[in-house]
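Asker: Below you'll find the structure I mean.
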Amino acid sequence: MKQDVEPTFFGNLLGEGFAFRKEIMSLISRSSDAASLGAAADGLYSRQSVGFEILKKFSTKTATVAAFDLQMRFVRRDNFHEVLNDVEGANRSGWFLEYHNFYLDFYNVFNPLLGDKARSSNVGRFNLRVGRFYLPFGLNLQTDTHGPVLQLSNERNFGFERDWYAGFWGSINPHLNYDMYYLLGSGYNAAFNGQSGLLGTRVSLSNKYLNEYGLEGGLAFMTGQRLSQHALERSPSVMMAAAGGEVINTMRYGADMRWRHLVPTGSITLTAELSAGRDESDKVITQLYQADYLTVNRKFGASVQYRQFNQGIQGTPAPMSRMDWNGGRTDASIIGELSWYFRNDLGNSNLHWIKLNVERKTEAIQGRQDTILTLQYYHYW
Amino acid sequence: MKHIALLLPMLLLLLLPARTFAAIGCTLSNPAQDLKYLYPEMTTYKEELRQLDQMKNGADLFKKLRARLGSDLDPVYESYETPYTVYSIFKGSDLIGIVHGVNVPGKGGVIQVFISAEPGSGEIKSFFFQRIESPAAKALKKKDFREQFNGLTLADFYKHDYFAVAEPTSDKDKVGRIAAPDVGEAGKQDYQASLRGLRKNLVLLDMFVFGLKYEAYYQRSQESLAKSKAK
């Protein structure tokens with residue numbers, strides 16, 4: 001039974017395998033610290049946006065060979081202060097056109113070089129990704145953090161949660177998947193400012209464990225050089241090592257896990273992301289723990305998260321191998337969130353919610369302790 | 001002014017109709033791995049999206065779906081705009097299998113029912129759950145329960161409609177002879193939802209892939225049932 005698709009170029013492009021989704025986000029947030037410092041509008045931050053996502057899959061007669069994804073938002077910000085899902089907005093006052101995902105996936109890229117037997121034994125093993133997407137570190141690659149207020153730890157750990165990269169992903173065997181990429185290490189803008197970039201790898205449990213046991217998890221490693229203004233500003237030794245530039249020698253080891261478990265009235269999900277490593281000679285340790293509850297009808301949710309970023313900030317640069325530990329300085333927050341879902345589809349294909357999020361910054365390397373109250377309306381369809 | 005010029009097109013984009021993923025689809029979470037497990041000899045696979053509202057006679061097919069399931073459709077998981085993904089599996093250039101999944105609402109949450117089918121006959125090669133949120137999950141996922149469905153077609157489900165009423169002890173009722181797993185009282189609803197999901201999967205595959213080849217069985221079964229009731 002055929003579908004009504006015109007056999008024209010645009011008909012093919014916009015027909016089979018094409019998805020177009022729209023997005024509205026309205027967020028207002030109040031920072032007690034900003035209010036006490038006499039910020040405009042009594043510390044009230046407004047962030048409004050409209051956006052879209054395009055996803056297209058390309059197929060031959062016998063194979064789906066590639067996919068393209070583009071997410072963009074047009075954002076209006078007034079009286080910015082840092083909110084969990086909008087750290088990048090610090091320098092984007094007023095109107096700003098943002099891109100988020102922008103990548104191409106090529107599936108089974110070695111197939112043209114392989115015979116049928118080799119193709120058969122390597123199905124799903126060598127897929128190439130080029131473009132901008134989540135860092136291959138922690139749970140971010142398997143978590144859509146585009147809409148929610150509550151975020152994972154990469155933004156705080158590296159200064160960005162997405163980067164420009166190229167590399168391979170796929171399955172190693174029925175139990176394990178892998179991701180291995182070269183990343184520019186520049187975050188939002190694709191830029192070379194003297195950094196060599198990052199090598200990022202992650203080995204994770206296959207989806208079989210998610211479906212059978214509700215379990216996800218992985219081990220990750222990231223090393224190389226990146227650009228991060230935040231990392232420079234918070235540490236004198238990192239600043240001095242960068243010697244007037246922005247390049248930061250970086251190394252991280254990470255472990256992550258998420259477990260979803262049914263309870264009589266819904267489900268509980270427990271999440272943990274841990275990482276250790278260094279920025280220049282500063283030792284860095286990141287911890288994130290989160291618990292989520294979702295009612296069985298997927299209409300109401302509650303979450304609590306504790307996150308801590310600890311850095312052994314040193315006064316002067318030392319060799320990167322030096323691991324002096326002085327207890328360090330810490331950013332820590334405890335966050336609570338309530339969600340009311342009008343739509344909360346599996347696979348995030350149709351989302352519509354209101355969230356109330358409260359972040360209490362209990363420790364801060366820069367700035368002061370703060371309480372940030374955020375109300376978000378989000379619709380993605 | 002520059003910003004207004006950017007904002008206007010973005011606002012206009014919001015007016016465009018959403019495509020494909022406007023409702024809940026059911027896709028394999030790791031197709032390459034899952035399909036390779038089902039078809040070890042495969043070399044490639046192709047994903048094709050199917051959506052009733054974009055098909056010729058889609059509204060008519062949607063009505064037929066409801067009638068052939070014999071129950072109301074869930075507004076969240078079974079809407080007219082729900083997208084479905086059909087996976088065609090190839091060995092070289094030969095089509096060796098079809099895989100398709102559906103979501104059905106269960107007591108404890110969603111149940112994702114997948115089947116792999118023979119491309120010529122539409123016979124079930126295997127039936128499995130990708131996701132099942134249910135107290136009966138363990139029992140329903142047992143191989144010896146699921147394997148009872150291997151070799152059945154949509155015709156067997158349509159025939160069962162007649163046999164269940166008119167000849168409940170008939171040996172010809174292949175679906176009626178399926179031994180239910182021990183799911184307890186708490187799991188009965190999800191057992192029924194799983195059977196309904198399996199039937200829905202076959203009905204949709206008949207529409208998407210097999211050109212309604214089993215429609216005659218449905219008609220015949222309904223006619224026989226009507227005659228039987230009239231006696």
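The values are calculated or read from the model by the stated rules, or taken from the named source; none is laboratory data. Given the structure is predicted, the values throughout are model-derived calculations rather than measurements. Please note: Cβ atoms are built from the backbone with ideal geometry, for glycine as well, and neighbour counts cover all protein chains shown.
Asker: Name the residue, out of B:49, B:73, that is within 17 Å of residue B:201 (Cα to Cα) and more than 7 Å from chain A (Cβ to nearest Cβ). So that I can check it myself, show each step before the final result.
Answerer: Numbers: B:49 fails: more than 7 Å from chain A (Cβ to nearest Cβ).
None of the other options fit; the residue is B:73.
Asker: Tell me whether segment A:11-32 contains one or more residues that are exposed (fewer than 15 other Cβ atoms within 10 Å of the Cβ), more than 30 Å from residue A:367 (Cβ to Cβ) and of a type in the set (A, V, I, L, M, F, W, C).
Answerer: Checked against the condition, which is being exposed (fewer than 15 other Cβ atoms within 10 Å of the Cβ), more than 30 Å from residue A:367 (Cβ to Cβ) and of a type in the set (A, V, I, L, M, F, W, C), segment A:11-32 yields at least one hit.
Asker: I'd like to verify a number: residues in segment B:1-26 that are at the interface with chain A (Cβ under 7 Å from one of its Cβ atoms) and either out of contact with any helix residue (DSSP H, G or I) (no Cβ under 7 Å at 6 or more places or on another chain) or at pLDDT 85 or above (or both), how many?
Answerer: Within segment B:1-26, the subset at the interface with chain A (Cβ under 7 Å from one of its Cβ atoms) is B:3, B:6-7, B:10-11, B:13-14, B:16, B:18-25.
Next, only the ones that are either out of contact with any helix residue (DSSP H, G or I) (no Cβ under 7 Å at 6 or more places or on another chain) or at pLDDT 85 or above (or both) stay: B:3, B:6-7, B:10-11, B:13-14, B:16, B:18-23.
So the answer is 14.
Asker: State all residues of segment A:228-262 that are assigned to a strand (DSSP E or B), farther than 21 Å from residue A:204 by Cα and touching a Phe, Trp or Tyr at 6+ places or on another chain (Cβ under 8 Å); if no residue qualifies, say none.
Answerer: First pass over segment A:228-262, keeping only residues assigned to a strand (DSSP E or B): A:247-262.
Cutting the leftovers down to farther than 21 Å from residue A:204 by Cα gives us A:247-250, A:262.
Scanning segment A:228-262 gives a single hit, A:250.
Asker: Follow-up. Which is of a type in the set (Val, Ile, Thr) and under 30 Å from residue A:16 (Cβ atoms), of A:87, A:109, A:83, A:75?
Answerer: Details: A:87 fails: under 30 Å from residue A:16 (Cβ atoms); A:83 fails: under 30 Å from residue A:16 (Cβ atoms); A:75 fails: under 30 Å from residue A:16 (Cβ atoms).
Going through A:87, A:109, A:83, A:75 in turn, the sole match is A:109.
Asker: Has segment B:67-81 got at least one residue that is under 13 Å from the mean Cα position of the chain (by Cα), farther than 22 Å from residue A:108 by Cα, outside any loop (DSSP other than H, G, I, E, B) and at pLDDT 85 or above?
Answerer: Checked against the condition, which is being under 13 Å from the mean Cα position of the chain (by Cα), farther than 22 Å from residue A:108 by Cα, outside any loop (DSSP other than H, G, I, E, B) and at pLDDT 85 or above, segment B:67-81 yields at least one hit.
Asker: Consider residue A:137 against the criteria (1) outside any strand (DSSP E or B); (2) modelled with pLDDT under 95: it satisfies all of them except one. Which criterion is unmet?
Answerer: (2)
Listed here are the residues, each with its yes/no results for (1) over 30 Å from residue A:114 (Cα atoms); (2) surrounded by fewer than 20 Cβ atoms within 10 Å (Cβ to Cβ); (3) among the charged types (D, E, K, R).
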site	(1), (2), (3)
B:32	no, no, no
B:41	no, yes, yes
B:68	yes, no, yes
B:73	yes, yes, no
B:76	yes, yes, no
B:94	no, yes, yes
B:104	yes, no, no
B:111	yes, no, no
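Asker: For segment A:162-176, does any single residue satisfy the condition of being over 22 Å from residue A:218 (Cα atoms) and either of a type in the set (Val, Ile, Thr) or in contact with a His (Cβ under 6 Å, 6 or more places away or on another chain) (or both)?
Answerer: Within segment A:162-176 (the criterion being over 22 Å from residue A:218 (Cα atoms) and either of a type in the set (Val, Ile, Thr) or in contact with a His (Cβ under 6 Å, 6 or more places away or on another chain) (or both)), the answer is no, since none of the residues qualifies.
Asker: What is the residue count in segment A:340-365 for residues that are under 11 Å from residue A:378 (Cα atoms) and more than 14 Å from chain B (Cβ to nearest Cβ)?
Answerer: 4
Asker: Test residue A:238 against the criterion of being under 21 Å from residue B:131 (Cα atoms), buried (at least 16 other Cβ atoms within 10 Å of the Cβ) and at pLDDT below 95, and give yes or no. Show your work before the answer.
Answerer: On the way: under 21 Å from residue B:131 (Cα atoms): no; buried (at least 16 other Cβ atoms within 10 Å of the Cβ): yes; at pLDDT below 95: yes.
In short, no.
Asker: Pull out all pairs, ordered by first then second residue, where Cβ-Cβ is under 9 Å, the residues are six or more apart or on different chains, the first lies in segment A:206-227 and is assigned to a helix (DSSP H, G or I), and the second is of a type in the set (Ser, Thr, Tyr).
Answerer: Close Cβ pairs (under 9 Å, with a partner that is of a type in the set (Ser, Thr, Tyr)) amount to A:207/B:29; A:208/B:37; A:210/B:29; A:211/B:29.
Asker: If you don't mind, there's one more thing I want to ask. Out of all the residues in segment A:138-149, which are buried (at least 22 other Cβ atoms within 10 Å of the Cβ) and out of contact with any helix residue (DSSP H, G or I) (no Cβ under 8 Å at 6 or more places or on another chain)? Give the steps one after another, and end with the answer.
Answerer: To start, the set of residues in segment A:138-149 that are buried (at least 22 other Cβ atoms within 10 Å of the Cβ) comprises A:138-140, A:149.
Across segment A:138-149, the qualifying residues are A:139, A:149.
Asker: Could you please let me know if residue B:128 is away from chain A (no Cβ under 14 Å), without any contact (Cβ under 8 Å) to a residue 60 or more places away in the chain, buried (at least 17 other Cβ atoms within 10 Å of the Cβ) and within 16 Å of the chain's Cα centre (by Cα)? Break it down stepwise before answering.
Answerer: Details: away from chain A (no Cβ under 14 Å): no; without any contact (Cβ under 8 Å) to a residue 60 or more places away in the chain: yes; buried (at least 17 other Cβ atoms within 10 Å of the Cβ): yes; within 16 Å of the chain's Cα centre (by Cα): yes.
No.
Asker: Output yes when any residue across segment B:71-78 is touching a strand residue (DSSP E or B) at 6+ places or on another chain (Cβ under 7 Å) and within 20 Å of residue B:126 (Cα to Cα), and no when none is.
Answerer: The answer is no; no qualifying residue exists.
Asker: Can you give me the ranges of the strands (runs of 3 or more DSSP E) entirely in segment A:263-363 with at least 3 residues that are at pLDDT below 85?
Answerer: Values: elements: A:266-279, A:282-295, A:300-311, A:329-344, A:351-363.
By residue number, A:329-344.
Asker: Consider segment B:157-203. How many of its residues are out of contact with any Asp or Glu (no Cβ under 8 Å at 6 or more places or on another chain) and closer than 26 Å to residue B:77 by Cα?
Answerer: Filtering segment B:157-203 for residues out of contact with any Asp or Glu (no Cβ under 8 Å at 6 or more places or on another chain) gives B:157-158, B:161-162, B:165-166, B:168-172, B:176, B:178-182, B:184-199, B:201-203.
Next cut, closer than 26 Å to residue B:77 by Cα only: B:157-158, B:161, B:180-181, B:184-199, B:201-203.
Matching residues across segment B:157-203 total 24.
Asker: Can you tell me how many residues within segment B:221-231 are surrounded by 14 or more Cβ atoms within 10 Å (Cβ to Cβ) and either free of Cβ contacts under 8 Å to residues at least 60 places away in the same chain or among the hydrophobic types (A, V, I, L, M, F, W, C) (or both)? Give the steps one after another, and end with the answer.
Answerer: Looking only at segment B:221-231, we keep the residues that are surrounded by 14 or more Cβ atoms within 10 Å (Cβ to Cβ), and these are B:221-222, B:224-225.
Still in the list and also either free of Cβ contacts under 8 Å to residues at least 60 places away in the same chain or among the hydrophobic types (A, V, I, L, M, F, W, C) (or both): B:225.
Looking only at that region, the number is 1.
Asker: Quick one: residue B:90 ticks every box in (1) crowded, with 17+ Cβ neighbours inside 10 Å; (2) modelled with pLDDT of 95 or more; (3) more than 7 Å from every other protein chain (Cβ to nearest Cβ) except a single one, so which number is it?
Answerer: (3)
Asker: For segment A:48-90, enumerate the residues that are under 19 Å from the mean Cα position of the chain (by Cα), away from chain B (no Cβ under 11 Å) and part of a strand (DSSP E or B).
Answerer: A:68, A:69, A:70, A:71
Asker: In segment B:173-185, how many are more than 14 Å from residue B:151 (Cα to Cα) and assigned to a loop (DSSP other than H, G, I, E, B)?
Answerer: Residues meeting the conditions: 6.
Asker: Examine segment B:137-153 for a residue that is modelled with pLDDT under 95 and within 30 Å of residue B:55 (Cα to Cα), and state whether such a residue exists.
Answerer: There is no residue in segment B:137-153 that is modelled with pLDDT under 95 and within 30 Å of residue B:55 (Cα to Cα).
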